[in-house]
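Here, each number is a calculation from the coordinates, and none is a lab measurement. This is a predicted model, so every value here is computed, not measured. Quick reminder, even Gly has a Cβ in these numbers, built from the backbone with ideal geometry, and neighbours come from all protein chains shown.
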């Protein structure tokens, strides 16, 4: 009912909408290949039948526009037509990067003020780029990704976050970091992806047929994180970012610069960032040993000559995260004691940056060599080799009792994973027909030291895929098919004998979809169906041990078969003057979903009884609805709402799955002020976010009942300071403004402590050099 | 240009094959038994009135947590209205010879505390202290009263820097429940 009132309010606001039709939309068009400003590009606004040409400096202007959503079409000789939808409520300046005739999957790079939908109308991909990312940077990658509908995070305290798409996380989503499939220790709930968010120029979430390209296991979707293309023929430019946060006294800084040389044939980029935070504070107390630090570096070098391009990339990610001492648990008795105490043990009131035991440390290296050859105007060939090494070390709260062991200060867990991938892809695009196909190979090996949890293994994967897309007038049909074979060899030493069981998994995956644009003007519909699968992970097959942080005994099962999912989704999107509406429904059915379930009796050890969890395979389904609406109430004021509802159901036990996200609702208002000389694009945004109690799951299915519903208030004020030729972005924000005490169901620390209290942040973005 | 590309392509494929698919296999996995393990707790009872009367009560799970069920899991049988001096011992019997973990607990006694509680009619008091004059609990005195049955729980807590004598604090290293008969 409350929901309906919100809707009514929004429509009422629309009704009193006073139009002010003197908005200017300006911009620049550049060539994606060499960064050249394009003259004589034609721009059209579909809804108004207005047209404009770019001048010699690549700029264009539309004036006297009313607030609203417009479809912009951009054409230039030798380039592929680009169209996108943009919502304008004030004078807006956009940068359009025109791809050469070839379709470059993510290089259709549109930068604007509002969320823009790179694909036809956000039907199968949602992209967040550049300026929209600015307010989000400085936090974890998970925080940044939360901006996409349907994305939530699985937290371990405030400093560890794993992205979750429509309830799927870990090995059921694929993360592409600068074109390389991230291969970390993704099986663990407290293992966050090893990616520097500051590197991103565009972050996209893909659902449709194109996701097939990245692997069979993109059941929940694919997240791509991409830096800007290298600036061949470009001039020196760069960005510096600074951020400070009040709650955990965190400081973050990042620096990036790029240039071209050697007649514009060579281009490079170097980038680095550093974050350091002290203890996290809840409204009532601080958490002992919750400090963190992270340092990242990357460098890219490219060479382009005529139709040939070769690019190399190397990066290092390094983080050390303190784990709140009060969340490290001995056994079931300790856990119950922690749950029953209102204030946890090991609170603090000092803002210490020191990281003691328990803590985790992860170092991730990536190296990449990519070659692209434009066969002719319509097709190109791409080859890529990448190598990654992920080294994760986990330290328990207490050193071993034995002095000589303690002196070594070894991690209790060490996992070291090395992955090499080779991809060969052919792409063709002409007259509404888009075809791509290719091969991908992967070789992976893992070893461990310390306490046993998962065994050593080697895995090899070979995949072949083909994707076709056909556009006819307002209808686009797409289909993707893929076949993968995965070999897995385990190596264990038991009582002095090495045993090496081997497994093979092979299956097809497929996806078909159709999109209908402008069914009635502004209304777009997308439909999609797919078949996805995922081989069981080594942890699901072989884990057998004590998870001290979770006070649980986890047992795998080597008889598991591949997990198969049948998915279907529908999206409806409506964009018109002053209103934007999107609803997306997803349904996935698994006949062999692998889930960690509690079993009785608890495992009896000398340290007491441990709740025991066994991986089990059975039927499950995930249903989700994401709904968003934004309305321009006046020229300055826009109101918006974003909501995500999800139901994850276990068909074997006939109960909702433990650990599924609770329903979430957001309501916000954004007020844009007029520019004043150097004070550009000032705005203030207020968002109320309400999370329901996870009422679906059985109260007794977990150690403790799901936490209560809560509402958080977040506020953000930003502007661009135009000083001489620089445009410095400044954002002042506060999350959990009212310092509300709460616990979230998706936070693994919810048993032990409240979540983070008020956090005021200041972010400064300083571009320098030649600015597009 | 095309031949250059071809060469590069071949070189690239060769590189990928050499480094990737023939990479050395790790055939030297680490043994799966932990470096440090407490497998056994032994309580040695001495009748204070007759010191020749001693007996031990043992819990032993020699392969560590999980795997096989505990190999030895004794009950405590005591006589009514007697006083026993009890000494606790922790062992790692997964290695040969067995390692005495009690020595390491004693070394770090300021950070450790044994706790005892029973639902049978026994009054258990700690008779040893750490360097800060807080109870340690390796040595205890058990005074029985009337005939009864119940459970006796023995706990060892690791309390680095937070020891106050309160058994509720810290992380549990040992927690064993013995079935207890007083007759």
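Things worth noting here:
- Computed FRET value (nearest 0.05) for residue A:768 with residue A:55, which takes r as the C-beta separation and R₀ as 30 Å: 0.75
- Packing order of peptides B:127-138, A:411-422, highest average first: A:411-422, B:127-138 (average count of other Cβ atoms within 10 Å over each peptide's residues).
- Region A:598-615 and region A:334-357: distance between their alpha carbon centers, rounded to Å: 25
- Across chain A, C-alpha contacts under 8 Å between residues 6 or more apart give a mean separation that, scaled by the residue count, equals a relative contact order of 10 percent.
- Mean Cβ count within 10 Å, highest first, over the residues of peptides A:146-152, A:334-340: A:146-152, A:334-340
- Over region B:144-183: Rg over Rh, Cα atoms, Kirkwood Rh: 1.16
- Between residue A:268 and residue A:679, the simple label model (points 7 Å from Cα in the Cβ direction) yields a spacing of 4.2 nm.
- Shielding by partners - mean other protein chain Cβ count within 10 Å, residues of A:598-611: 5
- Here the extension length gained between residue A:494 and residue A:723 equals 75.6 nm, from 0.36 nm per residue of separation less the Cα-Cα distance.
- In nm, spacing of pseudo-spin labels at residue A:22 and residue A:474 (7 Å Cα→C-beta vector): 3.5
- For the peptides B:46-59, A:224-237, the ranking by mean Cβ contacts within 10 Å, running from highest to lowest, is A:224-237, B:46-59.
- Prolate is the label for region A:288-383, because a/c, from the alpha-carbon gyration tensor with a ≥ b ≥ c as root eigenvalues, is 1.5 or above and a/b exceeds b/c.
- Angle between chain A longest axis and helix A:2-15 axis [Cα atoms, degrees, rounded to 10]: 10
- Full extension of the segment from residue A:83 to residue A:408, taken as 0.36 nm per residue of separation minus the current Cα-Cα distance, would add 111.0 nm.
- P(r) tail fraction, region A:125-769 - alpha-carbon pairs more than 51 Å apart, %: 8
- Relative exposure of A:614, A:497, B:157, judged by other C-beta atoms within 10 Å (fewest first): A:497, A:614, B:157
- Reciprocal mean inverse distance between Cα atoms of region B:40-182 - Kirkwood radius, Å: 15.7
- Multiplying the residue separation of residue B:162 and residue B:73 by 0.36 nm and removing their Cα-Cα distance gives an extension gain of 28.9 nm.
- Per residue of B:161-173, other chain Cβ atoms within 10 Å of the residue Cβ number 4 on average.
- Centre separation in Å (Cα based) which lies between region A:427-462 and region A:699-728: 35
- Förster radius 45 Å - calculated FRET efficiency between residue A:652 and residue A:431 (Cβ-Cβ, nearest 0.05): 0.35
- Between the beta carbons of residue A:337 and residue B:151, assuming R0 = 22 Å, the FRET efficiency works out to 0.75 to the nearest 0.05.
- Helix content alone sets the calculated 222 nm mean residue ellipticity of chain A: runs of n ≥ 4 DSSP H residues at -39500 (n - 2.57) each, divided across all residues, give -1500 deg cm²/dmol.
- Rounded if a/c under 1.5, otherwise prolate or oblate - region A:183-308, Cα gyration tensor axes: oblate
- For region A:565-645, the convex hull spanned by the alpha carbon atoms encloses 117 Å³ per residue.
- Counting every other Cβ atom within 10 Å of each residue's Cβ, B:173, A:591 order from fewest to most as A:591, B:173.
- Inter-chain shielding of B:62-74 (mean C-beta neighbours from other protein chains, 10 Å cut-off): 3
- Virtual spin-label span in nm between residue A:671 and residue A:37, 7 Å along Cα→Cβ: 3.7
- Ranked A:677, A:276, A:635, criterion: other C-beta atoms within 10 Å, fewest first: A:677, A:276, A:635
- Cα gyration tensor shape for region A:139-248, rounded if a/c is under 1.5, else prolate or oblate: oblate
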